[in-house]
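*Asks:* This structure is in structure tokens; I'll ask about it shortly.
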Amino acid sequence: MPGTSIGFGDIAHLSDKETQIWLRAIDSKVLAAAMKGARRPVRDRILKNVSQRVAVLLEEEGKRTDASQASAARKHAQVLLIDLVKDGSIVWPPTDSEPKKRKPTKKYLSEKRKTLAGTTSLETMEDLNQWLVGIANIARAEGILELGKVHWDATDEFYATALRLIIDGVDPYLAREMLENLAESRLREQETKYRKVIEGVLSTQAGQNPRMIGAKVAAIF
């Protein structure tokens with residue numbers, strides 16, 4: 001049966017793409033435990049395909065793992081790898097180590113610099129559309145981890161949060177739920193601000209006492 005002879009150490013032979021497929025399938029706590037005492041090639045393969053934030057979390061979580069937990073976690077990680085080979089998500093035995101990447105064009109590099117710079121306001125729909133296409137192009141050409149180089153000097157924190165979730169490999173369903181909750185909270189906050197402005201300026205126009213106006217807008221939340 002294909003895949004049955006695969007061991008935990010064979011993770012070191014996966015390509016970046018296949019490593020990321022395996023990483024999306026494994027729970028972060030199991031991964032941290034499995035890495036405790038793992039051989040250097042395996043650790044290097046894993047750490048190359050996670051963000052710096054996740055690498056720190058894995059290190060901290062691993063410190064709380066004993067030998068028996070690490071052994072059980074590696075067996076679980078091995079089973080996941082075998083299952084991914086069986087369903088065709090990962091090719092085994094490996095072919096070449098990594099496919100050769102095409103040399104990036106000047107146009108791509110120019111657009112990449114603009115996307116990563118974080119200087120675009122993203123206030124218009126057109127700017128936002130172009131930025132989203134830009135990050136998609138970078139992820140496809142160089143991998144999602146490359147998006148960790150985006151600067152956020154002039155952009156909304158919501159966009160930074162969205163990218164951090166995918167860079168850190170958060171489960172897509174959980175990431176969607178977190179972002180939708182954040183968006184809903186932001187929309188409520190913005191609506192409340194508008195209501196305060198409406199009440200405040202119209203009360204001012206009506207000549208009401210400033211203290212009364214203050215009490216009225218403070219009660220809107």
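*Asks:* Note down the net charge around residue 72, summing +1 for each Lys or Arg and -1 for each Asp or Glu among other residues with Cβ under 12 Å from its Cβ. Present the calculation step by step, with values, prior to reporting the outcome.
*Replies:* Numbers: positive: 29, 36, 74, 75; negative: 66.
Around residue 72, the charge tally is +3.
*Asks:* Same structure again: If I take every Cα pair under 8 Å that is 6 or more residues apart in the chain, average their sequence separation and divide by the length, what percent do I get for the relative contact order? Working shown, then result.
*Replies:* Details: 180 pairs, mean separation 41.8, N = 221.
Across the chain, relative contact order equals 19 percent.
*Asks:* In which sequence would 158, 221, 8 go, from the one with the fewest C-beta neighbours within 10 Å to the one with the most? Working shown, then result.
*Replies:* On the way: 158 13, 221 9, 8 19.
By the 10 Å Cβ count, ascending: 221, 158, 8.
*Asks:* Quick one: P(r) of segment 164-221 from all Cα-Cα pairs, 5 Å bins, percents rounded to integers, in order of increasing distance.
*Replies:* The distribution over segment 164-221 is 4, 17, 18, 13, 9, 8, 9, 8, 7, 5, 2, 0, given as percents.
*Asks:* Still on this structure, please answer the following. Can you tell which of 170, 54, 197 shows the greatest fluctuation in a Gaussian network model of the chain with Cα springs below 10 Å?
*Replies:* 197
*Asks:* Do the sum for the chain: with -39,500 (n - 2.57) for every DSSP H run of n ≥ 4, divided by all residues, what is the mean residue ellipticity at 222 nm, to the nearest 500 deg cm²/dmol? All intermediate terms of the calculation are to be shown ahead of the outcome.
*Replies:* Values: 10 runs with 141 residues, N = 221.
-20500 deg cm²/dmol, from helical runs alone.
*Asks:* With 19 Å as the cut-off, how large is the P(r) tail for segment 106-167, expressed as percent of Cα-Cα pairs? Mind showing how you got there, number by number?
*Replies:* Details: 377 of 1891 pairs.
So the pairs more than 19 Å apart make up 20 percent of the total in segment 106-167.
*Asks:* Could you work out the equivalent-ellipsoid semi-axes for segment 19-138, taking the square root of 5 times each eigenvalue of the Cα gyration tensor, largest first, in whole Å? Mind dumping the intermediate values first?
*Replies:* Values: eigenvalues 249, 76, 36 Å².
Equivalent-ellipsoid dimensions as semi-axes: 35, 20, 13 Å.
*Asks:* Which whole-number percent is the relative contact order of segment 8-86 (Cα, under 8 Å, 6+ apart)? Before the final figure, lay out each step's value.
*Replies:* Details: 68 pairs, mean separation 37.0, N = 79.
Reported relative contact order: 47 percent.
*Asks:* Pick from 94, 172, 104: which residue has the top mean-square fluctuation in a GNM of the chain where Cα pairs under 10 Å get a spring?
*Replies:* Answer for the Gaussian network model of the chain: 104.
*Asks:* While we're on this one: To the nearest 0.05, how large is the calculated FRET efficiency for residue 208 and residue 188 if R₀ is 35 Å and r is the Cβ-Cβ distance?
*Replies:* About 0.85, to the nearest 0.05.
*Asks:* Further, regarding this structure: Taking only Cα atoms, what is the 0 to 90° angle, nearest 10, from helix 67-86's long axis to the longest principal axis of the chain?
*Replies:* 90
*Asks:* Give me the lysines in straight-line cross-link reach of residue 36: C-alpha distance below 18 Å, same-chain residues under 8 apart excluded.
*Replies:* By straight Cα distance, residue 36 reaches 48, 63, 75.
*Asks:* Give me the Debye-computed log₁₀ of I(q)/I(0) at q = 0.15, 0.23 Å⁻¹ for segment 8-86, equal point scatterers on Cα only, no solvent, two decimals.
*Replies:* Taking Cα atoms of segment 8-86 as identical point scatterers yields -0.44, -1.10.
*Asks:* If you don't mind, another one. Given the C-alpha centroids of segment 26-59 and segment 155-221, what is the distance between them in whole angstrom?
*Replies:* 37
*Asks:* Could you give me D for the chain, from Stokes-Einstein at 37 °C and 0.692 mPa s, where the hydrodynamic radius is the Kirkwood radius over C-alpha pairs? Units µm² s⁻¹, please.
*Replies:* Working: Rh = 21.1 Å.
For these conditions, the coefficient is 156 µm²/s.
*Asks:* Build a GNM of the chain with springs between Cα atoms under 10 Å: which of 194, 108, 159 gets the top mean-square fluctuation?
*Replies:* Looking only at 194, 108, 159, the biggest GNM fluctuation is shown by 194.
Throughout, read-outs are computed from the coordinates displayed, never taken from laboratory work. What you see is a predicted model; the values in this text were computed from it and never measured. When we count neighbours, we look across all protein chains shown, and the Cβ atoms used for this are built from the backbone with ideal geometry, even at glycine.
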